[in-house]
Amino acid sequence: MDWIERLNKAVNYIEENITEEIDYAQAAKIACCSTYHFQRMFAYMAGTPLSEYIRRRRMTLAASDLQDAGAKILDIALKYGYSSPTAFNRAFQNVHGITPSAAKREGAPLKSFPPVSFQITIKGVEEMNYRIESKESFRIIGVSEPLHKEIEQNFHVVPEMWQKAAADGTIAALAQMMDQEPMGLLGVSACHDDEEWRYYLAVSSSRELTGNLEEYHVPAATWAIFSGSGTNRSIQELEQRIVTEWLPGSGYEYGDAPDIEVYQNADPDNAKFEVWIPVTRKE
């Protein structure tokens, strides 16, 4: 089964359970990938984080329910998982720009977000430089922080880690300790479903641990390795192109290993980098 088809089946699962607590792990299982990679694929393909998509869908359906003459706001709030009327009111206003009580009035302006449906589309002809490499397990050392299971909650965690590491000398110290491939500062998202999710700011090294540094062994895997340059925003744009343009027609799908960003120089305005994604051949 094509992975786009599996992704659409995962969306159908979400839609069928929209009034229940959505099990991200089950949706990812339907899509045949990890919970982390499912959320990344969804956000890049849909243009919005998974949790925000679910909120929009629920508020779309809630608005429809509010149009029924006998509908009670509290009942509708409970139906869509909001035990607090205040929380429901806030979520509803964030989507529709008006309160639930205002939405009950005839002629109230409302917004509708229909279910997404994914398909492969042909985009631009800009080249993407990549190579496929199989590598044995390798050791990295650095610092780490736990990640939230909803990946958009990590948008502040990772930048703050890099800022702190730059300010306290950690990055400079790590740069002196790298002595193995891949050479560069590494951002490693280790998000296996059976373990605590963690982000490592690290280097590949055989050196002994010192101070507050810790180690992690990146598992053996096959990697699709993409090279790029530009600003730090450019790496995010490259990651989006990998998922939306390269992966669907590549003959590969996500493997079970961390995502890795390799920063090959320290200039944020003239960066050189690689994006490593774990892949397996489609069956």
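Can we say TYR13 is part of a helix (DSSP H, G or I), at pLDDT 95 or above and open to solvent by 20 Å² or more (accessible area, probe 1.4 Å)?
On the way: part of a helix (DSSP H, G or I): yes; at pLDDT 95 or above: yes; open to solvent by 20 Å² or more (accessible area, probe 1.4 Å): yes.
The answer is yes for TYR13.
Residue check: is SER101 assigned to a helix (DSSP H, G or I) and among the small types (Gly, Ala, Ser)?
Details: assigned to a helix (DSSP H, G or I): yes; among the small types (Gly, Ala, Ser): yes.
So SER101 passes the test.
Condition test on ASP267, is it of a type outside the set (Ser, Thr, Tyr), touching a His at 6+ places or on another chain (Cβ under 8 Å) and either in contact (Cβ under 8 Å) with a residue 24 or more places away in the chain or over 16 Å from ARG40 (Cβ atoms) (or both)?
On the way: of a type outside the set (Ser, Thr, Tyr): yes; touching a His at 6+ places or on another chain (Cβ under 8 Å): no; either in contact (Cβ under 8 Å) with a residue 24 or more places away in the chain or over 16 Å from ARG40 (Cβ atoms) (or both): yes.
Judged against the criteria, ASP267 is not a match.
What are the residue pairs meeting all of these: first residue in the stretch 66-77, first residue closer than 19 Å to SER112 by Cα, second residue aromatic (Phe, Trp, Tyr), Cβ atoms under 6 Å, and 6 or more apart or on different chains?
ALA77/PHE88
Condition first: out of contact with any Ser or Thr (no Cβ under 7 Å at 6 or more places or on another chain), within 30 Å of ALA31 (Cα to Cα) and open to solvent by less than 60 Å² (accessible area, probe 1.4 Å). Can you find one or more residues in the stretch 194-210 that meet it?
At the first step, the residues of the stretch 194-210 found to be out of contact with any Ser or Thr (no Cβ under 7 Å at 6 or more places or on another chain) are 194-197, 201-210.
Then drop every residue that is not within 30 Å of ALA31 (Cα to Cα), which leaves 194-197, 201.
Next, from what is left, pick out any that are open to solvent by less than 60 Å² (accessible area, probe 1.4 Å): 197, 201.
Yes: one or more hits.
Going through the stretch 163-192 one residue at a time, which ones are charged (D, E, K, R) and open to solvent by less than 70 Å² (accessible area, probe 1.4 Å)? Break it down stepwise before answering.
Within the stretch 163-192, the subset charged (D, E, K, R) is 164, 168, 179, 181.
Listed by number, the list holds a single entry, ASP179.
Search the stretch 21-37 for residues that are within 21 Å of PHE155 (Cβ to Cβ) and pair each with any residue that is part of a helix (DSSP H, G or I) and open to solvent by 70 Å² or more (accessible area, probe 1.4 Å) when their beta-carbon atoms are under 9 Å apart and the residues are at least 6 apart or on different chains.
THR35/LYS29
Suppose the filter is of a type in the set (Asp, Glu) and more than 27 Å from GLU195 (Cβ to Cβ); does GLU20 pass it?
Details: of a type in the set (Asp, Glu): yes; more than 27 Å from GLU195 (Cβ to Cβ): no.
When the stated conditions are applied, GLU20 does not pass them.
Which one of these does GLN67 not meet: (1) modelled with pLDDT of 95 or more; (2) open to solvent by 50 Å² or more (accessible area, probe 1.4 Å)?
So GLN67 meets the others, but not (1).
Filter the stretch 76-88 for residues that are part of a helix (DSSP H, G or I) and in contact with a helix residue (DSSP H, G or I) (Cβ under 6 Å, 6 or more places away or on another chain) and give the result. So that I can check it myself, show each step before the final result.
Taking the stretch 76-88 and keeping what is part of a helix (DSSP H, G or I), we get 76-79, 85-88.
Those that are part of a helix (DSSP H, G or I) and in contact with a helix residue (DSSP H, G or I) (Cβ under 6 Å, 6 or more places away or on another chain): ILE76, ALA77, PRO85, PHE88.
On the basis of being at pLDDT below 95, out of contact with any Pro (no Cβ under 7 Å at 6 or more places or on another chain) and closer than 27 Å to PHE38 by Cα, does VAL143 make the cut?
Working: at pLDDT below 95: no; out of contact with any Pro (no Cβ under 7 Å at 6 or more places or on another chain): yes; closer than 27 Å to PHE38 by Cα: yes.
Judged against the criteria, VAL143 is not a match.
Report, ordered by the first and then the second residue, all pairs with beta carbons closer than 8 Å, sequence separation of six or more or different chains, a first member in the stretch 1-12 that is polar (S, T, N, Q), and a second member that is modelled with pLDDT under 90 and not in a helix (DSSP H, G or I).
Taking only residues 6 or more apart or on different chains, the pairs are ASN8/PHE118.
Quick one: how many residues across the stretch 72-96 are small (Gly, Ala, Ser) and open to solvent by 60 Å² or more (accessible area, probe 1.4 Å)?
Start the filter on the stretch 72-96 by keeping residues that are small (Gly, Ala, Ser), which leaves 77, 81, 83-84, 87, 91.
Adding the requirement that they be open to solvent by 60 Å² or more (accessible area, probe 1.4 Å) leaves 81, 83.
Number of matching residues: 2.
Could you tell me how many of the residues in the stretch 38-64 are open to solvent by 50 Å² or more (accessible area, probe 1.4 Å) and free of Cβ contacts under 8 Å to residues at least 24 places away in the same chain?
Going through the stretch 38-64 one residue at a time, the tally reaches 2.
Just checking, how many residues over the stretch 211-233 are touching an Asp or Glu at 6+ places or on another chain (Cβ under 7 Å) and open to solvent by less than 20 Å² (accessible area, probe 1.4 Å)?
So the count comes out to 3.
It is to be established whether one or more residues within the stretch 119-136 are polar (S, T, N, Q), surrounded by 18 or more Cβ atoms within 10 Å (Cβ to Cβ) and at pLDDT below 90. Please lay out each step first, then the result.
To start, the set of residues in the stretch 119-136 that are polar (S, T, N, Q) comprises 119, 121, 129, 134.
Still in the running and surrounded by 18 or more Cβ atoms within 10 Å (Cβ to Cβ): none.
Checked against the condition, which is being polar (S, T, N, Q), surrounded by 18 or more Cβ atoms within 10 Å (Cβ to Cβ) and at pLDDT below 90, the stretch 119-136 yields no hits at all.
Tally the residues that are out of contact with any Gly (no Cβ under 8 Å at 6 or more places or on another chain), surrounded by 13 or more Cβ atoms within 10 Å (Cβ to Cβ) and at pLDDT 85 or above, restricting the search to the stretch 246-271.
11
The values are calculated or read from the model by the stated rules, or taken from the named source; none is laboratory data. What you see is a predicted model, and the numbers here were worked out from it, not measured in a lab. All Cβ positions, glycine included, derive from the backbone under ideal geometry; neighbour counts span all protein chains shown. Remember, those area values only see protein heavy atoms, side chains included, never the ligands or the DNA or RNA. Shrake-Rupley method; radii C 1.70, N 1.55, O 1.52, S 1.80 Å.
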